[in-house]
Each structure stands twice: as structure tokens, then as C-alpha cells.
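Quick notes on the structure that follows.
The values are calculated or read from the model by the stated rules, or taken from the named source; none is laboratory data. Since the model is a prediction, treat every value here as computed from it, not as a measurement. Positions of Cβ are generated from backbone atoms using ideal geometry, with glycine treated the same way; all protein chains shown enter the neighbour counts.
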Amino acid sequence: MSKDIVLVTGATRGLGRATAIELARQGYQVIATGRNSDDLAELTREGQQEGLEMDSYPLNITDPKQIEMVQNSVKEKYGRLDALVNNAGIIIESDYDFLSLPQSVLLETLQTNAFAPLQMIQQMAGLLKNSENPRVVNVSSGMGAIHEMGSGYPAYRMSKTLLNVITILTHNELNPTYGIRSLAVCPGWVRTDMGGAGADRSLEEGIAGIVWAVSTEKSGPSAGFFRDGKPIEW
């Protein structure tokens, strides 16, 4: 039986890098993507030194043409995709509050954190349809949960709320016909370049829920929001 093929965006650092390595260690055929070709090459070399199955493609997820190129490459080489992990994301608004938030910052955040994951799903759906257990894992955040919506980082919060909506719509539109499952995962506040050194969770703790979501069976959950493998409120 062939290995499950998993594509991870934003795999050159932080959660994405750690997720890609851990999935490869667990026996998945990982396709790592990211903006920086040198960082991707370093990741691939690291994987090869451990004897891991890891492939890589440069990808700016905000560029539809690059998404299409990666889709074509994956189709030609593998013919299918078993799991898509939409991990890449940004926070660029630390100096802005709700009243001073520029539209340019909001749009850039939405483009990377919500619109681009949607485009990834749209482009990769054809490959996911060829899988016996197709699933989409969107790396979201509790900061996007409506039931506990706080203040601060309004663009980031809105982008993750929209990503959660995309998660539900992906299930509603693609699961009944194609069996594609869709899960949103909150990794918590993790010590990465984005999360900062003061975050309360390690990388290992942060990626555990993402890896769990990828590992779920065909009969597993869909259209849900999870932290550490347990459902949480939207």
C-alpha cells in the first residue's frame, strides 16, 4: 500500500516545518512548500539525512499561477493528494488597533490567511478526489473563534474566522459528493517566529493537533474545529 501524500504550505519555518518533518517521520510522503527555495532545499536535505520521504516545491500561496504550477507538478508525479495542510499564515498588524487598521493591512492578511487557502483547496480538489481518504486541514486559531472573540489583532482575527467558514463550506460543498473532509485546527499560542518567545506552548505541542488531524481515518470528523484532537467551539 502506497504512502499517503500530504502537501504542507508554509513548510520552511515554525509550525509548518515541524509539521512536515513529523509527518515524514510518521511515514507520510510529504510535499513541503514555501516561498524561500534555499530554506526548502535545507529542509529537504535534513529530511534526506534522516531517510525521510520529502519532496518540495517553491510556492507563494498568494500567486494563483504558482499554485497551478505546483498542482500540475503534483499531478504529474503522484496523480493524487491525500491531505492538504493549509498552514501558511501571517500577522502584520502589531502597531494597529481596530480604529487605525489600514485596509491594505486587512486585505494582505485576508489574502494570505483566507483567500489563498481557498485557492489551494480549489486547485487541489481534483487531486484530492483521487484519494481514498481525502482531507483538508486548515491551521486556524482560537483568535478567530466567534464565541470567545476578544480585542486586538483585528485583521488576524477576521482572517481566521473566515478560514473557519471556508472549512465548513469545504465540507458542505465537497464532502457529500467526493468524501473530502475538512477540519480546522487551533495549535494554540506556540513559540515560533510568529508566536514569539513568550508563547506558552512548544512546537511539539503545537503541531500535535495538526498531525492528529492528518492522521484521521475516512470515517473521522469533518466540518469541525479542534485543539489537541478535541472539538472546540467555533
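When every residue of region 24-31 is checked against the conditions, at least one turns out to be touching a residue at least 60 places away in the same chain (Cβ under 8 Å) and crowded, with 23+ Cβ neighbours inside 10 Å.
Do we have any residue at all in region 119-140 that's among the hydroxyl-bearing types (S, T, Y), closer than 21 Å to T19 by Cβ and crowded, with 24+ Cβ neighbours inside 10 Å? Please lay out each step first, then the result.
First pass over region 119-140, keeping only residues among the hydroxyl-bearing types (S, T, Y): 131, 140.
Cutting the leftovers down to closer than 21 Å to T19 by Cβ gives us 131, 140.
Adding the requirement that they be crowded, with 24+ Cβ neighbours inside 10 Å leaves 140.
Looking for residues that are among the hydroxyl-bearing types (S, T, Y), closer than 21 Å to T19 by Cβ and crowded, with 24+ Cβ neighbours inside 10 Å, one finds at least one in region 119-140, hence yes.
If the condition is being hydrophobic (A, V, I, L, M, F, W, C) and touching a Pro at 6+ places or on another chain (Cβ under 7 Å), then region 4-55 contributes L15, L40.
Residues are listed down the side, and each one gets a yes or a no for (1) buried (at least 19 other Cβ atoms within 10 Å of the Cβ); (2) free of Cβ contacts under 8 Å to residues at least 24 places away in the same chain; (3) part of a strand (DSSP E or B):
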| site | (1), (2), (3) |
| --- | --- |
| S151 | no, no, no |
| A155 | yes, no, no |
| S159 | yes, no, no |
| L174 | yes, no, no |
| I207 | yes, no, no |
| F225 | yes, no, yes |
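The residues on offer are T19, T12, T109, T62, and the sole one that is touching a helix residue (DSSP H, G or I) at 6+ places or on another chain (Cβ under 9 Å) and more than 22 Å from T170 (Cβ to Cβ) is T12.
For residues that are under 23 Å from S222 (Cα atoms) and in a loop (DSSP other than H, G, I, E, B), scanning just region 177-194, find the one that is modelled with the lowest pLDDT.
So the first thing to find is which residues in region 177-194 are under 23 Å from S222 (Cα atoms), and the list is 177-188.
Among the residues that remain, those that are also in a loop (DSSP other than H, G, I, E, B) are: 179-180, 186-188.
On the way: G179: 99, I180: 99, C186: 95, P187: 93, G188: 81.
Out of the qualifying residues, it is G188.
Taking each residue of region 108-124 that is more than 13 Å from M158 (Cβ to Cβ) and looking for partners that are in a helix (DSSP H, G or I) and among the acidic types (D, E) with beta-carbon atoms closer than 8 Å, six or more apart or interchain, yields Q123/E68. One residue is enough: does region 82-103 have a residue meeting the conditions modelled with pLDDT of 95 or more, touching a Leu at 6+ places or on another chain (Cβ under 9 Å), over 21 Å from G14 (Cβ atoms) and not small (G, A, S)? Within region 82-103, one or more residues are modelled with pLDDT of 95 or more, touching a Leu at 6+ places or on another chain (Cβ under 9 Å), over 21 Å from G14 (Cβ atoms) and not small (G, A, S). Of everything listed in (1) within 17 Å of the chain's Cα centre (by Cα); (2) within 19 Å of W212 (Cα to Cα); (3) outside any helix (DSSP H, G or I), the single unmet condition for G27 is (1). Could you please let me know if S140 is at pLDDT 95 or above and touching a Leu at 6+ places or on another chain (Cβ under 6 Å)? Here the answer is yes, as S140 does meet what is asked. What is the residue count in region 33-78 for residues that are touching a strand residue (DSSP E or B) at 6+ places or on another chain (Cβ under 6 Å), part of a loop (DSSP other than H, G, I, E, B) and within 23 Å of L203 (Cβ to Cβ)? Counting residues in region 33-78 that are touching a strand residue (DSSP E or B) at 6+ places or on another chain (Cβ under 6 Å), part of a loop (DSSP other than H, G, I, E, B) and within 23 Å of L203 (Cβ to Cβ) gives 2. Here M143 meets each of (1) in a loop (DSSP other than H, G, I, E, B); (2) under 18 Å from R227 (Cβ atoms) with one exception, condition (1).
Residue count for region 79-94, restricted to those that are surrounded by 24 or more Cβ atoms within 10 Å (Cβ to Cβ) and assigned to a loop (DSSP other than H, G, I, E, B): 4.
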